[in-house]
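Peer 1: Pasting a structure below so you can have a look.
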Amino acid sequence: MLSLFDPIQYKHEPQFSLFSGSPKPNSEVPERAKILNEALLKQGHEIEAPSPHGMDPINSVHHLDYLDFLKNIYSRWKKIPDASTEVIPNIHPNRHAGGIPESAIGQAGWYMADTACPIGPETWNSALASANTAADAAQRVLDGASAVYALCRPPGHHAFADLAGGFCFLNNSAIAAQHLCSRFQRVVILDVDVHHGNGTQSIFYKRQDVLTVSLHTDPVSFYPFFWGYSSEKGKRDGLGYNLNYPLLRGTKNNTYLKTLKKALKRINEFSPEVMVIALGLDAYEEDPYKGLEITTTGFAQIAAEIARLRVPTVLVQEGGYLSPALGDNLNSFLDGFENF
C-alpha cells in the first residue's frame, strides 16, 4: 500500500504528562513513528514524502485563533519568568467562562484540554507536517488511489476545532475527511482507536455529510471520560450521523468483531462514497493503556471486515504506543485490508 510520511514529525518530543495525578513521561514519543516506518519498509510498502498543501485543509477544520495560539504559544511561554520547559496548562475553565484571556497562561488553559499535549519548540512544525500528510493522503484518493496510509504523528482525533488534548493538536482524520468533502457528498470516518475520537465527533456533530463512527473502550472509566457514550448521536442536521460503540475493558477479538459488524451495517446503509479510518493500534492486548485485548491477528480480521465495504479509503495513523508488536500490528492491519 502506498504510504506517506514526513520526517519533520520526529521533531516533536513531548516530555511531560500526568496520569492519575502523578507526573509521568509522555507516551507519544518519536520512537512510535520510527517503529511504524521501519515496519512499512520491512513489509515492502512504498513510502513517499507528502506533497505540500498549505494551510487551506487545516483552516477548513480549525479556528484561526486556535491556530495562532498553537503557532506562537511556545515563544510567548518562554518569556514567562520561571516557566516550565514545555507549555503545560495549570488551569482549565472548561469553557464555562466569559471570554478568552490575553495571558499566555490563561490561553494555555483555554486551548488545551489536559496535560498530555505539552507544546515544545517543534510541536507546531511537527503537527503541521502530520496534518499535511493526512491531507495529501486524501488528495491521492481524490486523484484515484484506492487506499493510502498516512503515517501521522502527533496523532489528531482528540483535537477539537479549537482545543488540543490527548497528545493531539490538529485533527488529521477530520482534515482528511473535510478535504474529501470537496468532491464526495457522503464521507464516513471509522475510528478504531482504543480511545474515543472526541475531537472528530465534535467537528462533525451537526453535519450529515460525514458519518462519524467510533469503537472504543467505555469512557465511564477510560479516557476521554466525558465523550464517547452511545447516547451521543449528533445534533440538528447531524442527528443520527454520529455513532458510538463503547466496549467493556478487556474486550477480545470475537466480541469486538461482532460489534464492528453492527457498525459496518450502519455504515453500509449510509452508502459512503469514501472512507477515513482513524487507525489506532492501541486496542492491542499489550499496549501500555490496557483498554482492549485485540491480538495481532485480530487487527487483520478487523481490517478485512472493513475492507469489504469496497470504498476508497484514507488510513490515518492515530494511537498505538510502544510495545514489541507495534510494527507487526500495523502490518497485520494493512495486510488484512489489502488481502481480505
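Here, each number is a calculation from the coordinates, and none is a lab measurement. Quick caveat: nothing in here was measured; it's all calculated off a predicted structure. As a convention, Cβ positions derive from the backbone with ideal geometry for all residues, glycine included, and neighbour counts pool all protein chains shown.
Peer 1: Read through the list (1) in a loop (DSSP other than H, G, I, E, B); (2) touching a helix residue (DSSP H, G or I) at 6+ places or on another chain (Cβ under 9 Å); (3) not hydrophobic (A, V, I, L, M, F, W, C), then give the number of the only condition that SER173 fails.
Peer 2: The failed condition is (1).
Peer 1: Then there is this: Could you say which residue among GLY280, GLY319, GLY291 is of a type outside the set (S, T, N, Q), in contact (Cβ under 8 Å) with a residue 12 or more places away in the chain, buried (at least 24 other Cβ atoms within 10 Å of the Cβ) and out of contact with any Phe, Trp or Tyr (no Cβ under 9 Å at 6 or more places or on another chain)?
Peer 2: Residue meeting the stated conditions: GLY280.
Peer 1: Six or more apart or on different chains, Cβ atoms under 7 Å: show the pairs whose first residue is in segment 133-157 and within 14 Å of HIS53 (Cα to Cα) and whose second is of a type in the set (Lys, Arg) and assigned to a strand (DSSP E or B).
Peer 2: Nothing qualifies.
Peer 1: For segment 1-59, name all the residues that are touching a residue at least 40 places away in the same chain (Cβ under 8 Å), closer than 24 Å to ALA325 by Cα and aromatic (Phe, Trp, Tyr).
Peer 2: Within segment 1-59, PHE5, TYR10 meet the criteria.
Peer 1: Looking only at segment 165-220, count how many residues are closer than 21 Å to ALA135 by Cβ and of a type in the set (Ser, Thr, Tyr).
Peer 2: Of the residues in that region, 5 qualify.
Peer 1: Please find, within segment 4-24, the residue that is surrounded by the fewest Cβ atoms within 10 Å (Cβ to Cβ) out of those that are hydroxyl-bearing (Ser, Thr, Tyr) and over 24 Å from TYR74 (Cβ atoms). Can you show your working first?
Peer 2: Going residue by residue through segment 4-24, those that are hydroxyl-bearing (Ser, Thr, Tyr) are 10, 17, 20, 22.
After this cut, where a residue has to be over 24 Å from TYR74 (Cβ atoms) as well, the list is 20, 22.
On the way: SER20: 5, SER22: 7.
Selected residue: SER20.
Peer 1: Can you find, within segment 226-246, the residue that is nearest to LEU190 (Cα to Cα) among those that are loosely packed, with under 12 Cβ neighbours inside 10 Å and of a type in the set (Ser, Thr, Tyr)?
Peer 2: My answer is SER230.
Peer 1: A follow-up question, please. Looking only at segment 60-96, filter to residues that are touching a residue at least 12 places away in the same chain (Cβ under 8 Å) and of a type in the set (Gly, Ala, Ser); which one of those is surrounded by the most Cβ atoms within 10 Å (Cβ to Cβ)?
Peer 2: SER60
Peer 1: Still on this structure, please answer the following. Within segment 1-45, can you find the residues that are in contact with a strand residue (DSSP E or B) (Cβ under 8 Å, 6 or more places away or on another chain) and either closer than 20 Å to TYR149 by Cβ or aliphatic (A, V, I, L, M) (or both)?
Peer 2: MET1, LEU2, SER3, LEU4, PHE5, LEU18, LEU36, ASN37, LEU40, LEU41, HIS45
Peer 1: How many residues does segment 230-265 contain that are touching a helix residue (DSSP H, G or I) at 6+ places or on another chain (Cβ under 9 Å) and assigned to a loop (DSSP other than H, G, I, E, B)?
Peer 2: 5
Peer 1: Could you tell me which of the residues ASP143, ASP114 is under 23 Å from GLN201 (Cβ atoms) and surrounded by fewer than 24 Cβ atoms within 10 Å (Cβ to Cβ)?
Peer 2: Result of the check over ASP143, ASP114: ASP114.
Peer 1: Looking at segment 176-207, which of its residues are surrounded by fewer than 24 Cβ atoms within 10 Å (Cβ to Cβ) and outside any helix (DSSP H, G or I)?
Peer 2: Passing the criteria: CYS181, SER182, ARG183, PHE184, GLN185, ARG186, TYR205, LYS206, ARG207.
Peer 1: Which residues, counting only those in segment 109-123, are of a type in the set (Asp, Glu) and in contact with a helix residue (DSSP H, G or I) (Cβ under 9 Å, 6 or more places away or on another chain)?
Peer 2: GLU122, the sole residue that qualifies.
Peer 1: Restricting to segment 158-207, count the residues that are under 9 Å from the mean Cα position of the chain (by Cα) and under 18 Å from MET55 (Cα atoms).
Peer 2: Looking only at that region, the number is 7.
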